[in-house]
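Read-outs throughout are calculated quantities, based only on the coordinates presented, and are distinct from any laboratory measurement. Remember, it's a predicted structure, so these values are computed and weren't measured experimentally. Virtual Cβ from ideal backbone geometry, glycine too; neighbours counted across all protein chains shown.
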Amino acid sequence: MKLTRRDAIGALSAAGITALAGCESFGGDGTETESGDGTDTAGGGGGATMALAEVLYPSEAEVTEAYLDTYLYSRMVDEDAYRSELEAGIETLDSLAQEADGSPFADLSVDQRVNLIEDTDLRSGDSVPDGTDIQRVNYHLIDELLFAFYASPTGGELVGNTNPRGWPGGFGYVPNGGPQ
Amino acid sequence: MSGSQSSGSVDRTPVEGADVCVVGSGPAGAHVAHSLASEGHSVVVLEAGERFDMESRVDRMKAQIHPEHGVDEIWDMGGDRDAYTSSGELEIPLNKRRVKGIGGTSLHWGGVTPRFREKDFEMQTRHGVGVDWPISYSDLQPYYAEVEQEIGVKGPDDAPHQPPREADYPMDAMPLSFTDQLFAEAGDAIDVDVQSAPMAINDGTYDRNQCLGYGTCEHVCPSGAKYTAERHVDKAEREGATVIDRVPVQRLEHGPDGEAVTAAVYVTPDGTEHRQQADVFVAAAGAYETPRLLLLSDSEQYPDGLANSSGTVGRYFLDHPTGGVIGLLPEQETHQDEYGPVISSVIYQYYEGEALSERGAINMMLINVAGESPAEMAMRSSAIGDDLLAQIDGQYGNTIGVIMNVEMLPDADNRLTLDESTTDNHGNPVPEISLDAGDYALNAVETGQQVGQELVEEMGGNVLFQGGNLDLSPDEMIEDSKGGYHPMGGTRMGTDPETSVVDSNLKAHDLSNLYIASGGVFPTAGAANPTLTIMALARRCGEHIHDNEF
């Protein structure tokens with residue numbers, strides 16, 4: 001299952017974000033790139049967020065740059081505060097990765113990323129919007145990526161739910177018309 | 001006219017020459033204000049909370065789904081402004097049950113809109129318990145019809161166990177959800193009637209967004225399909241009413257002879273105190289804040305609080321004690337969350353009948369959101385990747401649930417008082433709630449839960465959770481099962497000034513120009529979700545004020 005830009009737009013719609021102004025891409029290395037509308041986007045960190053999403057999402061979901069770029073970039077356009085949280089979160093991930101394995105988060109192997117998450121308070125610690133560095137990563141990056149996936153049909157269908165809570169998929173949907 | 005918003009700044013000074021001052025902009029205040037503004041009266045509405053924008057509601061919805069956020073955070077409740085004390089048998093998580101803002105608690109209600117039944121107005125006469133209301137169902141029926149048209153209600157025209165109707169509902173009934181159908185099939189087997197719930201959710205018939213199916217009606221509807229009192233605040237403003245937000249009213253003042261209220265004293269966000277004068281005052285700040293406001297308005301002439309010569313302000317407080325049954329159907333996918341609205345069907349079969357001399361009425365609501373959603377499970381877990389998916393897949397998909405509200409009897413010892421040991425951000429004592437529901441309600445919970453269990457077992461399922469705030473300790477309960485959703489009483493209506501606060505027109509017995517529009521005027525609680533009745537009473541009150549005060 002490939003997560004496409006279309007999936008991301010759907011997730012953005014669920015999150016109420018409509019500002020999809022001509023985005024192109026984050027630099028895969030986290031460097032500053034220019035979006036389609038000529039706005040500079042300070043390093044959204046497609047590499048780090050891609051590396052994070054790859055271990056958060058199930059293996060059958062193939063995370064694409066288009067998916068993350070669309071979702072995260074548009075959140076940044078919609079909300080300046082989110083841009084700084086995203087940048088700070090990636091900085092925290094890189095700092096943890098450097099400390100553990102001597103490389104930026106995006107350069108770690110899958111096993112190293114999993115170990116890093118298991119060995120720290122990432123995921124297992126609290127998730128607080130204005131908490132410690134790791135608590136903010138949990139809230140603004142990890143939970144945000146999980147919401148985008150599991151509060152949309154993309155992730156919902158994997159557990160048998162095509163219109164999960166949080167997704168504006170329509171009113172009064174009854175699968176197969178009801179119990180057979 | 002002052003008090004109106006302008007670009008860049010908001011004028012929160014009093015309106016000169018106001019006919020009517022309404023304190024509170026929830027369902028009661030909004031409908032009184034709209035009713036009177038439509039008749040050409042100069043109306044000013046004072047609201048303690050802010051005017052929430054639509055754009056923030058998706059984030060509020062996400063906060064609801066996020067396991068780290070409490071319900072109180074969704075609409076920014078809490079802190080010194082909203083401090084309270086809960087000291088009775090029943091723990092009331094007050095700030096998770098109310099909203100301060102334009103639209104009031106209708107911002108986070110579920111939108112379930114049954115009428116009270118004929119028996120609800122005649123409990124003493126029919127069943128020898130409680131008291132009769134000073135008005136009957138037929139007195140209120142035209143206003144029920146008016147409100148249903150005003151707000152837009154989807155409902156079943158020919159379903160059983162409903163009070164008499166004069167016309168069809170404004171919108172077609174809610175279709176049965178997947179689990180409603182499971183309940184209906186099981187109900188057929190054991191003679192339990194499942195029927196569509198009356199709901200104030202727009203299906204496209206009304207001039208507001210239609211339901212998009214976020215599945216979070218309670219506590220926030222990002223699409224705007226669920227009715228909120230913001231609609232009638234807006235309509236009142238278009239009829240010329242002035243609505244001032246973020247101005248908590250501190251007290252009501254009366255004239256030297258003590259016969260009439262002369263001003264509502266409020267404070268603006270910058271701390272400036274103002275006095276809003278008017279010919280008529282309507283206290284519509286909800287059943288928690290209205291008695292508190294009256295008690296805070298004590299004076300030399302009224303040392304026990306305004307409108308309190310009976311000593312009943314704050315007494316006979318009521319709520320709907322809760323119960324619930326969550327079942328697991330091992331062999332059956334239940335498709336929770338997928339329908340959209342959180343409730344679409346109900347069981348009203350146990351609302352009336354001879355049993356009401358022994359137990360309260362039961363209002364059973366079948367929920368389409370039993371258990372956590374996939375996103376909530378994902379965020380709450382510590383797992384990642386395939387392990388996380390497997391965990392969610394194992395937890396999601398087979399739950400089913402019914403929640404219930406039951407009737408409790410009025411009791412003078414159930415009361416709201418002022419906790420003088422704790423003050424809010426303006427130095428006013430906070431409300432203290434002390435509530436003990438009693439056996440009449442407990443008997444109803446037990447009956448309702450027995451029915452819920454039989455339905456789950458008829459489906460071949462097992463009961464995972466069963467209980468409510470009468471048969472479990474607060475520590476054993478999930479947050480949703482704790483009470484406080486439907487505060488009523490505390491400023492009850494009656495014909496006798498010795499035992500009630502307002503008369504049948506909601507006018508205070510003690511003062512010539514003070515009305516109370518609120519669930520606080522209910523003499524008994526019924527079991528039906530009270531908001532439709534609150535709005536019907538408010539429109540009736542507005543009409544009375546128009547006909548008699550000017």
Given the range B:405-473, what whole percent of its Cα pairs are spread farther than 18 Å?
-> 58 percent
Per DSSP, loop chymotrypsin sites (Phe, Trp or Tyr not before Pro) in the range B:415-505 with at most 13 further Cβ within 10 Å = none
Residue B:226 long-range amide H proximity, modeled H, under 5 Å = B:202
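Please state, rounded to one decimal and in Å, the Kirkwood hydrodynamic radius that the range B:20-549 gives when every pair of distinct Cα atoms enters the mean of 1/r.
Computed over Cα pairs of the range B:20-549, the Kirkwood hydrodynamic radius comes out at 23.2 Å.
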In straight Cα distance, which aspartates and glutamates are under 12 Å from residue B:96, not counting same-chain residues fewer than 8 positions off?
-> B:72, B:73, B:76, B:82, B:218, B:479, B:480
Can you list, largest first and rounded to whole Å, the semi-axes you get for the protein assembly as shown by taking the square root of 5 times each eigenvalue of its Cα gyration tensor?
-> 45, 31, 22
By how many nm would the segment from residue B:471 to residue B:168 lengthen if fully extended, with 0.36 nm per residue of separation less the alpha-carbon distance?
-> 105.2 nm
Dipole size in debye (nearest 20) for the range B:222-329 around its Cα centre, Lys and Arg Cβ +1, Asp and Glu Cβ -1?
-> 520 debye
So what's the range B:1-152 giving for Rg/Rh, alpha carbon basis, Kirkwood Rh from the mean inverse pair distance?
-> 1.02
Over chain B, the sum of -39500 (n - 2.57) across DSSP H runs of at least four, divided by residue number and rounded to 500 deg cm²/dmol, gives at 222 nm -7500 deg cm²/dmol
In nanometres, the difference between 0.36 nm per residue of separation and the alpha-carbon distance of residue B:412 and residue B:208 is 69.2 nm
Cα centroid of the range B:181-258 to Cα centroid of the range B:281-324, whole Å = 24 Å
Residues whose built amide H sits under 5 Å from the amide H of residue B:122, excluding neighbours closer than 5 in sequence, are B:133
Table column - 3J(HN,Hα) (Hz), the range B:154-169, Karplus curve with 6.51, -1.76, 1.60, x for Gly and Pro = 8, x, x, 5, 10, 6, x, 6, 10, x, x, 10, 9, 7, 5, 4
Quick one: what are the phi-derived ³J(HN,Hα) couplings along the range B:519-525, Karplus 6.51/-1.76/1.60 with θ = phi - 60°, whole Hz, x for glycine and proline?
-> x, x, 7, 5, x, 10, 9
Amide H neighbours of residue B:345 under 5 Å, at least 5 residues apart or on other chains, H built in the peptide plane: list them.
-> B:197, B:366
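Here are some pairs, B:100/B:226; B:62/B:154; B:62/B:100; B:482/B:507; B:154/B:235; B:100/B:482; which of them have Cα atoms lying more than 24 Å apart in this structure?
B:62/B:154; B:482/B:507
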Within a 10 angstrom radius of each residue's Cβ in B:212-219, how many Cβ atoms of other chains show up on average? Whole number is fine.
-> 5
For chain B, the longest site-free run once GluC sites (Glu not before Pro) in DSSP loop states with at most 14 other Cβ atoms within 10 Å are removed | B:359-497
